Amino acid sequence: MSTSQINWLLLANAALGNFLAGASSRIFSVSLPTIAASLDTSIVGISWAVIAYQISQISLSLIFGRIGDLHGRSKLFGLGLVVSALAALMCGLAQNAMQLIVFRFFQGMGASMTQSQGRALALEAAPKESSGRAQGFMTTAFHSGVLIGPSLGGLIIDTIHWRAIFFFLIPIALCALVLTTINWRKGNVPQRTFSAAPRESIDYPGALLLIGATAALIAAIDHRIMEAFAPAMRAGLILTLTVLVAGFLYREWSTTSPILDLSLFKIRMFTLSSLALLLVGVAQVMIGFLLPFYLQDVLRLTPSFMGLLFISAPIFTVTLSPLVGWAVDKVGARLPATVGIAFLAGAGFYGSYLRADSHWLSAVAVLALWGLATALFFTSNHTAMITAVPDQHRGVATGAIYVMFGLGTTIGISLGTLLLTAAFRYYSGDPTATPTAANPTMFVRAMNFSFMIGALMAMAAMLCSGLRGQRAVKAA
């Protein structure tokens, strides 16, 4: 087939949903201090709005992916847009921190509905030989939202009100919903090439175990939560996590209609691509989350100038992802994905040589390598994960993308904070010290150590990527 046979209306619909998710993820982050002050809560209190979104998106992506596989992806995608719009409205109307936390959970639910179906719909919108290009457009759409989110969010807060950042998301969701309706009315929705077996249904006990396990995992690896618990409660949390994870795996192995068919992990392309994505998520956060502190607190750059610098990474991703998709269609996912991880490792190793008096261009180089890695890896890896599985599992495979990356970023934040603290205390000689740029030399040395570990994590991801195989092979 040629690219003229791409279902552009369906692809645009899916891409707009991804743009909404990208904008939602970043436009909220820049408003956290303002919202905390407005709702009379602390940064720890407002962080629960972030955690609620994470729990919802990570735990529900697999569940909604399974629902879409069984009952239709386009319908669930449209429902997700409705939930996203309503949740954004309620977030904008929230009167206290608890309301915002609850509504952010539902916003994460809407995002998990759309994202678990979006990339699968994009794949169905394109002929097989254009799968990479379709995924490249999806990556570009998401990171376009990431690109404009912080600057637009800051502008809205300064000129209107923090509540307006949520109201801004509603028209985007409604536009995507209009496209979805047009696709339905035109019959512009691909027909399933498979039929669900009569006994297949949603595994609700497994869903509850997955939600519980995700919440316990996020709580267990969040140092703020663990520090607030007594030792006995920490031990109880770890035990609860172990029981829930074991229970979920046993349930999925024994039930006739699992949410996550464990046999998918017999597919080398899917398994190693998933592991590479988890490791890249950890490495990216360990390398990226310390840079703002370095630029502002050590190099003394202004927030507005920092904002301009941080544009460099998503610009690379937005502009290069369609080209990477074309390359994936020609040579497969392994080469571009592995090269992308090499750029990420390079960012980590280069960042480990930053000094307290380095020029800000050195930090831009780290960001540029980070952006190149994102452009090359995500389009390639996502295409590999979705095309590796049989058609009837594409929703689950798409959900697995967001589960693995969500877990990777969550683990990365906790691990990066832990390593930074341990290294700062070691270099400063104070076993109770808290990392602070008030001692820039020690802070940068600790940051260098975190960057080095992030680079080593990226090297492990490179190994997984290189061993995954050249092209996806469909399971029987």
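Miscellaneous remarks
- Helix 204-221 and the longest principal axis of the Cα set of the chain meet at an angle near 20°.
- Here the chain exposes an accessible surface that is 69 percent carbon and sulfur, computed with a 1.4 Å probe and the other protein chains kept in place.
- Contact order normalised by residue count of segment 328-476, Cα under 8 Å, 6+ apart, percent: 40
- Helical mean residue ellipticity (222 nm; -39500 (n - 2.57) per DSSP H run of 4+; nearest 500) of the chain: -26500 deg cm²/dmol
- Global form of segment 360-452, assessed from the alpha-carbon gyration tensor, a/c cut-off 1.5: oblate
- Relative contact order of the chain, taken over Cα pairs closer than 8 Å and 6 or more residues apart, is 23 percent.
- Taking the C-alpha atoms only, the angle from helix 131-159 to the longest principal axis of the chain is near 50 degrees.
- Protein heavy-atom accessible surface, 1.4 Å probe, per residue over the chain: 41 Å².
- Protection proxy ranking, highest mean first, for peptides 420-433, 203-216, 92-105, 397-410: 397-410, 203-216, 92-105, 420-433, where packing is the per-residue count of other beta-carbon atoms within 10 Å, averaged.
- With Cα atoms, 0 to 90° folded angle of helix 394-428 axis to the chain main axis: 10
- Entries of Lys186/Lys330; Lys128/Lys266; Lys75/Lys186 with Cα pairs more than 25 Å apart: Lys186/Lys330
- Dipole of the chain, positive end: most advanced residue of Thr302, Ala446, Ala345 [Cβ charges, Cα centre]: Ala345
The values are calculated or read from the model by the stated rules, or taken from the named source; none is laboratory data. Given the structure is predicted, the values throughout are model-derived calculations rather than measurements. Cβ sites come from the backbone with ideal geometry, for glycine too, and all protein chains shown count toward neighbours. Note: areas computed on protein heavy atoms with side chains; ligands, DNA, RNA excluded. Shrake-Rupley method; radii C 1.70, N 1.55, O 1.52, S 1.80 Å.
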